Each structure stands twice: as structure tokens, then as C-alpha cells.
Amino acid sequence: MPDSVAPKKIAAALEELWSPRIVAEVDDVYVKVAKVQGSFDWHAHTDEDELFLILKGKLRIEMETGAVELKEGELFVVPKGVRHHPVAEEECHILLIERKSTLHTGDVVTEKTRSLAEQLRPV
């Protein structure tokens, strides 16, 4: 019998911030969870949209045209090509839905960049 996945539980168990883990895949997309706090680097995904769903806490996604504030249970899709900067004042757990081709930090490489192998490792 297949196992179910508990994204909230997996996100809560993560020890590293801004280091997403792949918890499922659907066709050509990955479902990822992450624990975040502080700010992430400005970046864009040239060819892919990125969906953020807040599992716990609050997240602000700053964009050059303004910002969106997300609370638990809310989601937002950053359209492809839009430069964005996620910020969590306090610990926040998120679920991401991204194409398999989406690079973790988009068009930049930083100390927060995680390879696909790192995102696939067990919690």
C-alpha cells in the first residue's frame, strides 16, 4: 500500500532554513516543503511559475512592483520572470510547487542554493 505524505510534519522536522525538500512529484512538477526565516536572495525563474502555500506562519514576497503578505492557508503564484524576494520575520513553513526544471535560487547562485540531490535527500 502506498504511503501518504504529511507536508506540515515534514516541514516542521526540517533543521535547515531555506533548504527545500521534495516530498512528492506530479507529472512534470515537484512538491516541496521548506522551513524559512529571515530573507532569501532576490531572484527570478525565467521560464517557470512558482507556487507558495503557507503551512505555518507568515511570508512576505517582495517584488519590484510591490509585495504580497501571505498567512497560513494562503497561496500565491509568482509568475515566470518576476524577480522576487521572500521574507519571513518569524519561522514559517511553506509548500512550493515548481516544475522539475526550476532551479532553487533561479538566476542566481548563493550559499543558499541547493542542488536537486540535496532537495531529494530524506528528512
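We did not get these values from a lab; they are worked out from the coordinates using the rules stated. What you see is a predicted model; the values in this text were computed from it and never measured. Glycine also receives a Cβ, built like all others from the backbone with ideal geometry; neighbour counts cover every protein chain displayed.
Electrostatic tally near Ile97: other residues with Cβ closer than 13 Å to its Cβ, Lys and Arg +1, Asp and Glu -1, net -4. Over 19 Å apart at the Cα level, from the set Lys8/Lys35; Lys9/Lys80; Lys32/Lys100; Lys56/Lys80, are Lys9/Lys80; Lys56/Lys80. Farthest towards the positive end of the charge dipole of segment 1-97, among the residues Phe52, Ala13, Val78, is the Cα of Ala13, using unit charges on the Cβ of Lys, Arg, Asp and Glu.
In order along segment 36-53, the phi-based Karplus estimate (6.51 cos²θ - 1.76 cosθ + 1.60, θ = phi - 60°) of 3J(HN,Hα) comes to 10, 6, x, 10, 9, 6, 5, 6, 9, 10, 4, 10, 9, 6, 9, 9, 10, 10 Hz; Gly and Pro are listed as x. Annotation: segment 7-103 has a Kirkwood hydrodynamic radius of 13.3 angstrom, from the mean reciprocal C-alpha pair distance. Near Trp18, the amide H atoms lying under 5 Å from its own belong to Lys35, Val36, Gln37; only residues 5 or more places off or on other chains count, and H is placed 1.01 Å from N.
Roughly what % of Cα-Cα distances in segment 1-63 sit above 13 Å, to the whole percent? The answer is 70 percent, as a whole percent. Charging the Cβ of each Asp and Glu at -1 and of each Lys and Arg at +1, and nothing else, the dipole of segment 1-111 about its Cα centre rounds to 300 debye.
Between Leu70 and Leu59, Arg60, Ile61, the built amide H atoms are under 5 Å apart, and every one of these is 5 or more places off in sequence or on another chain. The charge dipole of segment 46-96, taken about its Cα centre with unit charges on the Cβ of Lys, Arg, Asp and Glu (plus for the first two, minus for the last two), comes to roughly 60 debye.
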